[in-house]
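Down below is the structure, laid out as structure tokens.
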Amino acid sequence: MKRLATILSVLSLALVSLQAHAAGSVGDAGAGKAIAEQVCVSCHGLDGNSQTPQFPRIGGQYATYLVKSINDYKTGQRNNPIMNGIVASMSQEDIENVSAYYAQQKGDLHVKQVPNF
Ligand code: HEC
């Protein structure tokens, strides 16, 4: 009986971590907010809904996508002189934290008009 309880608790732990993974949860959003306030706010805005077309909106984006994009700038897989410079000195922990923060913001991509090109 005790063994069954152990097996069940291990299984439920595995399920919880699977769910967290499925939701794309990474990092500590509270710690990420400080980075957003100090570094990213001037271009992307504090809620990630940039008001200028040359700065992409990142609010409400999946955290896993943000982590990947930032790492792509860091490794040079993705090239942009501004972003390459900004992320060069960020640790993986900072990247995950700031991604968690922006992922929690409410993205307003869908309610605003897409500009005409
Ligand atoms: C000086 C302005 C500036 C600052 C500050 C800045 N960014 Fe950016 N960011 C940009 C520009 C411009 C792009 C678009 C680059 C491109 O074309 O690839 C971008 C792109 C991105 C993207 C890719 C978005 C996508 O949809 O693929 C992410 C993620 C991102 N920035 C995160 C951040 C984070 C996090 C910070 C703070 C640590 C930050 N940026 C600070 C200007 C800035």
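Within the stretch 28-117, which trypsin sites (Lys or Arg not before Pro) sit in a loop by DSSP and count at most 11 neighbouring Cβ atoms inside 10 Å? Intermediate results must be reported in sequence, preceding the final value.
Values: sites: Lys33, Arg57, Lys68, Lys74, Arg78, Lys106, Lys112; in loops: Arg57, Arg78, Lys106, Lys112.
Answer in residue order: Lys106, Lys112.
Would you work out the Kirkwood radius for the stretch 25-104? I mean one over the mean of 1/r across all pairs of different Cα atoms, in Å.
Value: 12.2 Å, from the Cα pair sum.
Would you mind getting the accessible area per residue of the stretch 25-104, heavy atoms of the protein chains only, 1.4 Å probe, in Å²?
On a per-residue basis, the stretch 25-104 sits at 56 Å².
At 7 Å along the Cα-to-beta-carbon direction for both Gln51 and Lys2, put a label point, then send me their distance in nm to one decimal.
6.5
Per-residue HN-Hα couplings for the stretch 40-53, Karplus 6.51 cos²θ - 1.76 cosθ + 1.60 at θ = phi - 60°, whole Hz, x for Gly and Pro?
Residue by residue, the stretch 40-53 yields 8, 3, 5, 10, 8, x, 6, 9, x, 9, 3, 9, 10, x Hz.
Lysines near Lys106 by alpha-carbon distance under 16 Å, same-chain residues fewer than 8 away left out - which ones?
Result set, ordered by chain and number: Lys33.
The values are calculated or read from the model by the stated rules, or taken from the named source; none is laboratory data. Quick caveat, the model's predicted, so the values are computed rather than measured. Because the Cβ atoms are built from the backbone with ideal geometry, glycine has one as well, and the counts that use them run over all protein chains shown. With ligands, DNA and RNA removed, areas are computed over all heavy atoms of the protein, side chains included. Shrake-Rupley method; radii C 1.70, N 1.55, O 1.52, S 1.80 Å.
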